[in-house]
Each structure stands twice: as structure tokens, then as C-alpha cells.
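Inspection log for the structure reproduced underneath, given as C-alpha cells.
Bear in mind that the values in this text are calculations on the coordinates, not laboratory data. Quick caveat, the model's predicted, so the values are computed rather than measured. Cβ placement follows ideal geometry from the backbone for every residue including glycine, while neighbour counts extend to all protein chains displayed.
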Protein chains: 2
Amino acid sequence: MKSLLIKTLLAVLLLANAAFAAEPLPSWNDTGPKKAIVTFVEKVTKEGSPDFVPMAERIATFDNDGTLWAEQPMYFQFFFALDRVKALAPQHPEWKDKEPFASLLKGDVKGALAGGERAMIEIVMTTHAGMTTEEFEKIVKDWLASAKHPKTKRPYTEMVYQPMLELLTYLRANGFKTFIVSGGGVEFMRPWTEKVYGIPPEQVVGSSIKTKFEMRDGRPVLVRLPEIDFIDDKAAKPVGINSRIGRRPIAAFGNSDGDLQMFQWTSAGAGARLAVIIHHTDAEREWAYDRTSSIGGLDKALDEAQAKGWTVVDMKNDWKRVFAFEQ
Amino acid sequence: MKSLLIKTLLAVLLLANAAFAAEPLPSWNDTGPKKAIVTFVEKVTKEGSPDFVPMAERIATFDNDGTLWAEQPMYFQFFFALDRVKALAPQHPEWKDKEPFASLLKGDVKGALAGGERAMIEIVMTTHAGMTTEEFEKIVKDWLASAKHPKTKRPYTEMVYQPMLELLTYLRANGFKTFIVSGGGVEFMRPWTEKVYGIPPEQVVGSSIKTKFEMRDGRPVLVRLPEIDFIDDKAAKPVGINSRIGRRPIAAFGNSDGDLQMFQWTSAGAGARLAVIIHHTDAEREWAYDRTSSIGGLDKALDEAQAKGWTVVDMKNDWKRVFAFEQ
């Protein structure tokens with residue numbers, strides 16, 4: 001009990017330090033988006049202000065792919081699936097002649113995906129189901145410990161945006177509870193989000209497959225089934241927020257049309273609201289893509305942002321730094 | 001920012017007060033269960049102890065019906081459904097001749113439930129679906145503000161167990177994160193769990209029906225559909241814990257066979273574990289029921305508790321008080 005007290009006092013000191021000593025958001029330029037974020041936070045945290053929001057209701061939701069970490073040249077979870085296909089191939093000699101695996105094993109991703117959504121689902125189910133939840137967690141952790149991004153040769157968990165890490169910390173220092181609401185697999189994210197983002201597993205909402213409770217040698221396990229439970233994208237993001245969080249966010253952060261309904265849902269609540277779109281405009285430090293991209297396409301949400309006055313972050317002009325590993 | 005700091009300091013003072021000034025669990029007798037709980041908490045919070053658990057992993061899950069509040073003579077949510085049938089009847093003249101509604105409207109609950117699970121599902125869907133999530137929340141709040149328990153004539157939110165409220169506070173003061181994992185409807189619980197138990201909506205896991213995102217007059221809503229999404233009972237409790245919380249609890253509290261798999265799942269983790277069954281043994285202050293009860297039946301879990309040394313709370317002997325309103 002004494003140690004909890006000391007820890008909490010320490011947390012208060014750290015909080016005081018964060019609040020008074022350091023300028024928030026050091027990797028953000030002093031342009032519009034930083035001002036919009038700081039103004040919003042000051043307004044909802046100022047007691048007595050008409051926009052004040054009690055701490056328990058300060059819910060902020062973040063998309064993951066393209067919002068907290070990169071998503072090019074392909075969603076990182078798909079690289080994981082490809083590596084799993086290679087790792088599992090020796091146990092599946094039949095894959096040599098079976099699509100989409102035959103193409104994948106020849107390194108022909110485009111050919112593999114010619115089979116469309118069905119091919120994609122087959123790849124995901126083959127690589128994400130059939131094991132226990134504990135086994136899958138270990139597979140994800142082992143992969144992250146060795147896999148490298150094809151362009152930067154960095155571990156994927158270093159491909160996170162430094163300004164967004166600062167934003168997460170800043171919001172939490174101001175009493176916000178930060179959640180991930182992502183189309184990515186929830187059990188692909190949970191093993192590392194606490195360490196990388198400071199977001200614990202119970203604050204990660206994502207897509208999922210079904211699991212089944214079973215006794216194996218007298219020990220209970222949850223077995224991952226090749227059956228979709230929930231796809232947390234587009235109109236399903238507000239559904240996931242409602243079902244998993246049960247409270248409407250007051251701030252939402254995303255980067256694609258997959259986040260449009262989350263922005264609409266967040267903005268439609270009473271009182272001050274913040275909707276922030278990360279616009280990928282920096283081909284040099286990261287990637288530049290929007291309306292026509294097959295990964296992270298940003299078209300309708302960009303139009304609606306302009307019409308509704310949502311905040312759009314121009315990565316090239318609004319961020320001093322994109323990745324922590326930059327010089 | 002300053003106000004957050006003051007609030008946090010205040011929280012620390014309150015914590016210090018809870019930790020050092022007051023004897024924990026005043027409504028518990030100094031019998032086995034209280035000792036088991038306190039011993040467990042001291043052990044997992046003592047830094048350097050072999051059983052120490054970092055704060056982030058101190059997850060405790062609580063069943064609701066029969067564990068945090070009463071469940072006799074019938075699950076309270078079912079009283080809610082019955083009252084809704086009566087309230088909606090004027091709009092449904094056809095119910096006069098249609099089961100299960102005809103029997104219900106005549107006050108014949110037993111006759112209505114003769115239709116078994118199908119009748120039950122029809123009653124739930126008719127009363128819980130077809131409106132937006134905001135409308136449903138208001139319906140639940142309005143009902144709770146006026147409805148009274150048939151035996152005690154108290155509001156249902158007063159039918160909560162005082163020793164369990166103290167236990168929730170005690171665990172949180174020791175760095176635990178407390179969750180509800182209940183077979184009850186998640187959106188039936190969330191409107192009041194924060195006020196009554198100190199458990200925020202995002203820490204409530206329960207059964208749910210599907211919702212659909214829709215634009216109505218340019219405003220986004222979530223419409224509740226007459227379709228089951230998830231039944232959070234028995235073998236599905238560990239499934240719900242895994243999908244919504246993503247971390248195995250170190251302590252679980254329940255009262256029926258519906259909690260058996262949650263106990264098994266909790267107990268199977270590494271390190272110190274606590275599984276506590278609330279055994280309804282007090283016909284005078286509450287109700288006495290177990291193996292053969294159709295509501296909150298406790299049979300297999302009681303046997304397994306004895307075999308595995310789980311803690312069984314004998315309400316009559318282990319609790320000084322059951323409800324706060326007792327003299």
C-alpha cells in the first residue's frame with residue numbers, strides 16, 4: 001500500500017512536470033493544427049468554462065494505421081501475414097499449387113491479391129486462426145522482435161509518428177483516456193500498444209475473429225477460429241466505440257475515409273469537439289498519398305473536413321519531425 | 001491544467017486516507033473470505049514479493065446479477081422488460097391475442113415464459129431494440145428513477161450489496177482496475193454503473209444486441225437492431241474478457257454456474273489468483289438459493305470451488321450487512 005502511495009505521488013510529480021515544465025508537442029510546428037489542439041484541450045479542461053468536460057468523459061480515439069504508425073507500402077499486419085505464410089509453408093506442401101499461397105510464396109503479392117477479398121480473407125484466416133490466444137500473442141511478439149520495414153529497415157514499432165506520441169502524452173497529462181479504434185486486428189495490436197503508445201490492451205478496439213473456450217488437459221484455453229467476429233472500419237467504427245467503450249469520444253484522430261463515420265459520430269455530440277485528420281503530404285520523410293490511394297485512401301473525409309472545419313494536419317508543414325529516428 | 005493537478009493531489013490524499021486511516025471492508029466479518037481477500041491484495045501489491053503484480057495488470061472482474069446487486073425474485077432487467085411491455089402495449093393492440101405478450105399483460109409471467117427461450121428473446125427484442133442508443137439510455141434512466149423492487153419497495157440501484165461496494169473501493173485503492181463481466185445487457189448497465197459502483201461504461205462487459213450506424217436528418221445515430229450480438233455468459237465470459245479487456249483478470253467475483261468458466265480462466269493464469277463465489281445463504285436479509293435455483297443457479301461452480309480451494313462467501317455468516325438501507 002505504501003508503494004502505491006509513493007508511485008501515485010511520483011505520478012503527480014511527473015504530471016506536474018509535464019504540465020508546467022515542458023512546452024507540449026515539441027515536434028509540432030506552431031501552425032494551425034497545434035493551435036487547434038491546444039485551444040481545445042485548454043477549453044475542455046478549464047473548470048467553470050462553458051466547454052468544460054469532466055475528466056471521466058474525456059475520451060479520445062485514435063485510428064492506428066496511418067495515424068499512429070505508418071501504413072505504406074502496405075498495412076504492416078499484412079507483412080506479418082506474408083511472413084507467417086512463409087513460416088508455415090513447410091507444413092503445407094499443397095500451397096505450391098494453391099492460390100493465393102502459390103503466388104505469395106513466389107513473392108508475387110499482386111498475383112496473390114488478384115483473388116480479391118476472398119484471397120485476402122483466406123490469407124488472414126490461415127495465418128491468424130487455429131492457435132490459442134496465448135500462442136498468437138507469442139507469434140506477434142516474436143515477429144515484431146525481428147521483422148524490419150522494407151524501406152527503412154527499422155522495426156515496425158519504430159515506424160510510429162513522434163508528434164502523435166507527444167499528443168497521446170499531452171492528452172493523458174490533461175486527464176484524457178486514450179483509445180485505439182482501428183481496422184487492424186485487436187490481438188495483433190494489444191501485445192505492443194502499451195509499451196509503444198502507453199495504451200493498455202483494454203483501451204484497444206479493433207477487428208477480431210471469433211474465439212472458443214476449451215479445456216485442454218484440464219487447462220482452459222481460447223482457440224482462435226477462422227471466422228470473422230467484427231470488422232472495425234467505416235460505419236462500424238462508431239458501432240465498435242459504442243459496444244466496447246460505451247461513451248462518445250470528444251476527440252477523434254484518423255487519416256482515411258475509414259475514419260469518416262468516427263469523425264461524424266464524435267462531432268455530433270454536444271459541447272466542444274475535436275476531429276483531426278492526418279494528411280500524408282510528405283513524400284520525403286514519409287509518403288504522400290490521399291484521394292486515390294488503395295491503402296489509407298482519403299477522399300470523402302477530406303471534403304467533409306473542409307466543409308465542417310475539422311482540423312487537417314499537413315504532415316510536411318505541421319510536423320517538425322515524423323519519426324523519432326530521424327536526424 | 002492546474003485544476004487537474006489539484007484533483008490528482010486530492011485523489012492521492014483520499015487514497016492515503018483509504019489506505020491508512022480506515023479499516024478496509026467494514027461490512028465484512030473477520031472470517032475466512034475477508035482474510036483471503038486482504039491476504040491476496042497485500043501479497044500482489046507488495047513490491048519485491050514473489051506474488052507482486054504490476055498495477056496495470058491488476059484486473060478484477062465482477063459478475064453483476066447476484067454478485068453486485070440482487071437477482072431475486074427475477075433478474076431486474078426482466079422487470080424492466082415487463083414494464084416496457086406494459087408501457088408499449090397501447091401501441092400494440094395485437095398483443096392482446098399474441099403470446100408471450102397476452103399472458104404478460106394479464107400479469108401471468110409464468111404463462112408468458114412457457115414459450116421458453118423463444119418467448120424470452122421475443123420479449124427482450126421487442127423492448128430493447130428499434131430505438132437509437134441515446135433513446136434507450138434515456139428509457140433505462142427514466143425506468144430506474146421510478147421503478148421499485150417488488151419485495152423491498154426500494155429503487156433497484158439500492159439493491160446493491162454494501163460489502164461488495166466496499167470491496168470495489170478497496171481494490172481500486174490498491175491499484176486494481178475493476179470491470180463488470182455480466183450476462184446482463186451492457187447498455188442496460190452502463191447508464192448507472194459509474195454512479196452506483198464507480199465503474200465507468202468502458203469497464204462494463206455484457207450481453208449486447210447489434211447496432212447500425214445511420215444518418216437521420218444529417219445527424220448520425222446508432223439504431224438498436226433485434227439481433228443478438230453477444231451473450232456474455234458461461235464459456236462466453238472468458239471470450240468476452242479476451243475480446244473486450246484483452247488481459248486475463250487476476251481476481252474474479254461471481255455467484256453462479258454462469259461464472260464458472262470466468263473462474264477457471266482467471267485461476268489458470270500464472271502467479272497469485274483469487275476466485276470468490278458469493279453464496280446466497282441468507283433467507284432473512286436477502287434470499288437463500290443455490291443448486292436448484294432457476295435464477296443464479298450455483299451447482300458445478302460450488303463443487304469446483306471446494307475441489308480447488310476457491311473462496312466461498314457465506315452471505316449469512318461473512319457479511320455484517322447486506323444492503324446499505326438495513327438498520
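Some points to look at:
- Only Cα pairs under 8 Å and 6+ residues apart enter the sum, and on that basis the relative contact order of the stretch B:23-135 stands at 14 percent.
- Here A:P93 yields copy-to-copy label distances, from shortest upward, of 7.5 nm, the label point defined as 7 Å from Cα along Cα to C-beta.
- Shape of the stretch B:268-327 from the C-alpha gyration tensor: oblate (a/c of 1.5 or more and a/b not above b/c, with a ≥ b ≥ c the square roots of its eigenvalues).
- Dipole magnitude (debye, nearest 20) for chain B, charges at Cβ of Lys, Arg, Asp, Glu: 640 debye
- The stretch B:224-319: C-alpha gyration tensor shape, a/c 1.5 cut-off, then a/b vs b/c: oblate
- Here the dipole of the stretch A:228-291 is about 440 debye; that uses its Cα centre as origin and unit charges on the Cβ of Lys and Arg (positive) and Asp and Glu (negative).
- Estimated dipole of the protein assembly as shown in Debye, rounded to 20 [Cβ of Lys and Arg +1, of Asp and Glu -1, Cα centre]: 920 debye
- Between the beta carbons of A:R118 and A:T31, assuming R0 = 45 Å, the FRET efficiency works out to 0.50 to the nearest 0.05.
- With at most 13 other Cβ atoms within 10 Å, longest stretch of chain A clear of loop GluC sites (Glu not before Pro) (DSSP): A:48-283
- Under Karplus coefficients 6.51, -1.76 and 1.60, residue-wise ³J(HN,Hα) of the stretch B:280-292 in Hz, glycine/proline x: 7, 10, 10, 5, 7, 7, 9, 9, 10, 6, 7, 4, 10
- Using 0.36 nm per residue and subtracting the Cα-Cα separation, the extra length available between B:R321 and B:D97 on full extension is 76.0 nm.
- Shielding score for B:213-222, defined as the mean number of other chain Cβ atoms within 10 Å: 4
- For the stretch A:95-205, the alpha-carbon radius of gyration amounts to 1.29 times the rule-of-thumb value 2.2 N^0.38 Å expected for a compact globular protein.
- Taking every residue in A:260-269 and counting other chain Cβ atoms within 10 Å of its Cβ, the average works out to 2.
- For the stretch B:73-121 and the stretch B:263-327, distance of Cα centres in Å: 31 Å
- For chain B, the longest principal axis of the Cα atoms and the long axis of helix B:186-197 meet at an angle of about 40 degrees.
- Here the contact order of the stretch A:230-327, divided by its residue count and restricted to Cα pairs under 8 Å and six or more residues apart, works out to 24 percent.
- For B:K300, the distances from its label point to the matching points in the remaining copies are 4.6 nm, ordered from shortest, with each point set 7 Å beyond Cα toward Cβ.
- Across the protein assembly as shown, the convex hull enclosing all Cα atoms gives 186 Å³ per residue.
- Kirkwood hydrodynamic radius computed over chain A comes to 21.2 Å, based on all pairs of distinct alpha carbons.
- Taken residue by residue and averaged, Cβ atoms of other chains lying within 10 Å of the Cβ of B:224-233 number 1.
- Contact order for chain B, expressed relative to its length and based on alpha carbon pairs under 8 Å spaced 6+ residues apart, stands at 22 percent.
- Dipole axis of the stretch B:84-238 (+1 Lys, Arg; -1 Asp, Glu on Cβ), positive-most option in B:P150, B:W95, B:Y170: B:P150
- Options B:V276, B:V322, B:A251, ranked by Cα towards positive dipole end of the stretch B:242-327, top entry (Cβ charges): B:A251
- Most fluctuating residue given options A:V109, A:V124, A:V276, as computed from a GNM of chain A linking Cα atoms under 10 Å: A:V109
- Net charge in the neighbourhood of B:S256 (other residues with Cβ under 12 Å of its Cβ; Lys, Arg +1, Asp, Glu -1) is -4.
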